[in-house]
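Visitor: Supplied in structure tokens, the structure appears directly below.
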Amino acid sequence: MAHEPAVVVFDGVCVLCSRWVDFILRHDRAGRFRLAAMQGRHGRALLAAHGLSPDDPASLLLVADGVGHIDTAAIAGVLQRLGGPWRIPSALLRWTPRWFADPAYRWVARHRYRLFGQRDACRMPEPAEAWRFLD
């Protein structure tokens, strides 16, 4: 039975988030993920459906098999699904106590523009990767 691709909702104007998208595109040769900027229609709808504010989300969102994952669980889920050597950092994230890892993640998320920068417009996909993006 074929599974629907997982969807990663990201901040399209955040430089760190755009680098995360670049990482996913580079390592997901099997096309396991679709990508949706939180500024787009699909991204906003997915954030709202999973209890996150579409106007100021505190986390990226991974939706896989209908279940939403946020914070370090989202990162670990992406790494796990990439497979191969990425399963090791995924396991390390899963073994790190959530009471420690999630607040650290949320601190970086709150300060992402100041720490990493912000673009004037959403990251635009290259023509060869456009099929991976929902908006």
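The values are calculated or read from the model by the stated rules, or taken from the named source; none is laboratory data. These figures come from a predicted structure and were not determined experimentally. All Cβ positions, glycine included, derive from the backbone under ideal geometry; neighbour counts span all protein chains shown. Areas reflect the complete protein model, heavy atoms only, side chains present, ligands, DNA and RNA absent. Shrake-Rupley method; radii C 1.70, N 1.55, O 1.52, S 1.80 Å.
Visitor: Quick check on this structure: which one of Ser53, Ser59 is farther than 16 Å from Pro5 by Cβ, open to solvent by less than 50 Å² (accessible area, probe 1.4 Å) and of a type in the set (S, T, N, Q)?
Guide: Result: Ser59 is the single residue among Ser53, Ser59 that is farther than 16 Å from Pro5 by Cβ, open to solvent by less than 50 Å² (accessible area, probe 1.4 Å) and of a type in the set (S, T, N, Q).
Visitor: Give region 98-133 a look and list any residue that's modelled with pLDDT under 95 and either on the phi > 0 side of the Ramachandran plot or outside any helix (DSSP H, G or I) (or both), or say none.
Guide: Within region 98-133, His111, Gly117, Gln118, Arg119, Asp120, Ala121, Cys122, Arg123, Met124, Pro125, Glu126 qualify.
Visitor: Being modelled with pLDDT of 95 or more, of a type in the set (A, V, I, L, M, F, W, C), under 22 Å from His3 (Cβ atoms) and buried (at least 16 other Cβ atoms within 10 Å of the Cβ) narrows it down to one residue among Ala45, Ala76; which is it?
Guide: Ala76
Visitor: Search region 16-42 for residues being in contact with a strand residue (DSSP E or B) (Cβ under 7 Å, 6 or more places away or on another chain) and open to solvent by less than 30 Å² (accessible area, probe 1.4 Å), and hand back the single one that is farthest from Glu126 (Cα to Cα).
Guide: Once the filter is applied, the top-ranked residue is Met38.
Visitor: Is it fair to say Gly66 is out of contact with any Lys or Arg (no Cβ under 8 Å at 6 or more places or on another chain), among the small types (Gly, Ala, Ser) and touching a residue at least 12 places away in the same chain (Cβ under 8 Å)? Give the derivation first.
Guide: On the way: out of contact with any Lys or Arg (no Cβ under 8 Å at 6 or more places or on another chain): yes; among the small types (Gly, Ala, Ser): yes; touching a residue at least 12 places away in the same chain (Cβ under 8 Å): no.
In short, no.
Visitor: Output the residue which, of all residues in region 109-135 that are hydrophobic (A, V, I, L, M, F, W, C) and open to solvent by 50 Å² or more (accessible area, probe 1.4 Å), is farthest from the chain's Cα centre (by Cα). Even if it seems obvious, please write down each step before you answer.
Guide: Residues of region 109-135 that are hydrophobic (A, V, I, L, M, F, W, C), as a first pass: 109, 115-116, 121-122, 124, 128, 130-131, 133-134.
So of that shortlist, the ones also open to solvent by 50 Å² or more (accessible area, probe 1.4 Å) come out as 115-116, 121, 124, 128, 131, 134.
On the way: Leu115: 18, Phe116: 16, Ala121: 18, Met124: 16, Ala128: 20, Trp131: 17, Leu134: 13 Å.
That would be Ala128.
Visitor: For region 64-94, give me each residue that is closer than 19 Å to Asp22 by Cβ and either among the β-branched types (Val, Ile, Thr) or assigned to a loop (DSSP other than H, G, I, E, B) (or both).
Guide: Hits for region 64-94 are Ile75, Val78, Gly83.
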